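Visitor: First, the structure itself, so that you have it in front of you.
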Amino acid sequence: MNSQSNLWSFIVFMGGAICLFAACSKGPNPDISSNVPYVKVNVTINIYTSAYTTLTKVGGQAYVSGGNRGLILCRVSSSTIVAFDRTCTYNIGDANGIVQGQTDGTAICLECQSEYNLTNGGVNAGPTTIGLKEYNVSFNSTSGSVTITN
C-alpha cells in the first residue's frame, strides 16, 4: 500500500511540475519551438543612413534583407532595437506568409492575418500560436551601428 501511495504522490508531483513549467514558459513568444527554418544571419546596418532613418525614433521600423523571408527591425526604446524574421509562423510552406509592420507597433501576416507584437515577437491574435523568430541585436546608439546575428 505504501508503494502505491508513493507512486500516486510522484504522479501528482510530476503533473504539478509540468503545469508549473507550462505556466512559466513564454507561451507564444519568439523562438519557443520556432518552426522557421534556420538561416545564418550576420547583418550590420547604420540607422543614420537614409534607408534606416526610421529607426532613429522609438517605434520606428525598417526591413532588412536576411533570414528566411527578410527581417523586420523595431526600435523599442532609446537603447534597444529588436529584430524578427518576417516569416509568419502559421504556415511556413506558404510563401505569401510574410509579416508587415503596422504603425501601432504590431506586424500582421498578409496571408492569414495573424498579428504579432513587435516589442517581443509574441502573438496578439491567431490563427498562429507561435511567436516570430527573434534574432540577436547589438546596437550602439551613439554610432548608430546595428548588428543582427543568430
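The values are calculated or read from the model by the stated rules, or taken from the named source; none is laboratory data. Here the structure is a predicted model, which means the values were calculated and not measured. For neighbour counting, all protein chains shown are included, and Cβ atoms are generated from backbone atoms with ideal geometry for every residue, glycine included.
Visitor: Does Thr54 meet the test of being out of contact with any Phe, Trp or Tyr (no Cβ under 8 Å at 6 or more places or on another chain), surrounded by fewer than 17 Cβ atoms within 10 Å (Cβ to Cβ) and not in a loop (DSSP other than H, G, I, E, B)?
Guide: Here the answer is yes, as Thr54 does meet what is asked.
Visitor: Oh, and also: Provide a single number: the residues in the stretch 113-150 that are in a loop (DSSP other than H, G, I, E, B), more than 17 Å from the chain's Cα centre (by Cα) and surrounded by 14 or more Cβ atoms within 10 Å (Cβ to Cβ).
Guide: Final tally of qualifying residues: 2.
Visitor: Let me confirm something: among Ile108, Ile92, which residue is of a type in the set (A, V, I, L, M, F, W, C), assigned to a loop (DSSP other than H, G, I, E, B) and farther than 22 Å from Ile47 by Cα?
Guide: One residue alone meets the criteria, Ile92.
Visitor: What number of residues in the stretch 58-84 are among the β-branched types (Val, Ile, Thr) and touching an Asp or Glu at 6+ places or on another chain (Cβ under 6 Å)?
Guide: Result for the stretch 58-84: 0.
Visitor: Can you find even one residue in the stretch 132-149 that is among the hydrophobic types (A, V, I, L, M, F, W, C) and out of contact with any strand residue (DSSP E or B) (no Cβ under 6 Å at 6 or more places or on another chain)?
Guide: No; the residues of the stretch 132-149 include none that is among the hydrophobic types (A, V, I, L, M, F, W, C) and out of contact with any strand residue (DSSP E or B) (no Cβ under 6 Å at 6 or more places or on another chain).
Visitor: A further question follows. Restricting attention to the stretch 69-79, does a residue exist that is at pLDDT 95 or above, more than 18 Å from Phe139 (Cα to Cα) and among the hydroxyl-bearing types (Ser, Thr, Tyr)?
Guide: no
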